[in-house]
Amino acid sequence: MDRCATPPARRRGRLTLGAMVEAPDAVGERGPLRLLSKPARLRGHVSPHRKEGIEGMIRTAVHVGIDVAKDFVDVAIGDDGECFRVTTDTAGLDALACRVSGFGPGVVVGLEASGGYERPIIRRLHEAGIAVRLVDPARVRQFARAMGIKAKNDRLDAAVIAAFVATVDGALNVAEPARERLCEHVRYRRQLMEALTVIDNQARLTDDAGLEALAAERRELLRRQVDEIEHRIVRLIDADPAMSKTFALLRSVPGVGPVLAWTLIAEMPELGSLDRWKVAALAGVAPFDRDSGGHNGKRMIHGGRANVRKVLYMAAVAAARCNPPIQAFHQRLRDQGKPPKVAITACMRKLLITLNAIARDQVEWKPAI
């Protein structure tokens with residue numbers, strides 16, 4: 001049966017993004033809402049060397065924004081302003097893929113990370129050969145504010161995402177079934193470990209023998225499940241030559257255990273393809289300036305992938321004891337009077353940069369002679 005035969009998509013009309021933008025009038029005060037014919041293009045100076053290329057891109061590419069919910073998604077078709085809604089069941093996603101693929105090979109779909117609800121949508125679009133970008137919700141919201149958009153609803157969010165994808169460059173999401181399956185297992189293991197921590201914390205405050213017995217029983221069950229998940233993770237990595245090689249390379253570094261190696265392979269696929277500053281910022285261990293005029297603020301880390309950073313912290317603590325270069329680096333910072341957490345954060349950054357270089361060059365770690 002043709003998947004495109006009866007698309008269960010409900011038309012939602014047209015939404016012009018510019019209608020939601022408040023524009024100042026000639027005297028500088030807030031004036032009436034003004035319609036922007038091309039809201040995806042930010043106003044301002046464009047270099048004559050880039051103007052032709054940018055206009056060509058806008059003419060040929062169609063940018064689609066999707067706002068993801070649990071039971072349905074709202075879809076906005078770029079500058080056209082058309083909006084429609086489909087359900088997130090199999091029939092709805094088939095209809096979405098058929099509708100979007102009809103715009104030709106130049107179509108790019110953008111959607112936000114939405115707690116996992118976006119995964120089946122990305123998977124279905126990849127099956128249809130459609131280019132997908134997974135965008136940061138915080139950046140999209142800041143983009144909307146920069147355009148003067150203060151209202152927020154599902155259709156408008158989809159239109160903002162389409163404008164963001166058309167305006168801001170970014171990498172396309174690549175279909176990697178093996179890594180995605182590994183990521184699902186690593187995520188499930190992390191949730192089991194968090195549940196074990198909750199049980200242990202409760203046990204410290206429990207005096208009732210019956211409750212202690214129940215906690216011990218549940219703890220034993222969770223530990224068996226953790227062991228099973230870890231065996232599955234090992235089998236998944238062994239079954240993929242590329243992941244198996246990367247795992248062996250990462251484990252060659254003193255202080256890097258299997259959990260950090262699993263986490264980096266699963267949740268930081270960019271490892272080895274970025275420079276040292278970008279990979280540090282991606283993990284959230286890069287210090288950012290806080291300067292203004294004559295004020296020199298304290299450099300602080302911000303953002304990044306928290307799940308990677310948590311595991312990296314424990315690895316850096318171990319590396320500061322058993323990895324000679326990291327150990328010497330940590331001791332030098334402490335001798336200079338750096339606070340313990342600042343020194344460990346610097347070790348996290350140094351360890352990650354080392355692992356990034358190893359993944360890039362595909363060589364094992366070797367101690368300096």
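Worth a mention:
- Residue satisfying all of: in the range 137-186; closer than 15 Å to residue 79 by Cα and among the charged types (D, E, K, R); surrounded by the fewest Cβ atoms within 10 Å (Cβ to Cβ) among these: 155
- Of the numbered criteria (1) modelled with pLDDT under 95; (2) under 16 Å from residue 359 (Cα atoms); (3) β-branched (Val, Ile, Thr), the one residue 301 fails is (2).
- Filtered residues of the range 63-94 (kept if small (Gly, Ala, Ser) and buried (at least 23 other Cβ atoms within 10 Å of the Cβ)): 65, 76, 78
- Counted residues, the range 110-142 - those being assigned to a helix (DSSP H, G or I) and either under 17 Å from the mean Cα position of the chain (by Cα) or on the phi > 0 side of the Ramachandran plot (or both): 11
- Helices (runs of 4 or more DSSP H) lying entirely in the range 249-355 (those with 1 or more residues that are under 24 Å from residue 232 (Cα atoms)): 258-267, 306-322
- Reported count of residues in the range 236-272, each being closer than 23 Å to residue 321 by Cβ and of a type in the set (A, V, I, L, M), is 9.
- Residue check for residue 176: of a type in the set (Asp, Glu) and closer than 30 Å to residue 125 by Cβ: yes
The values are calculated or read from the model by the stated rules, or taken from the named source; none is laboratory data. Keep in mind the model is a prediction, meaning the values are calculated, not measured. No Cβ is skipped: glycine too gets one built from the backbone with ideal geometry, and neighbour counts run over all protein chains shown.
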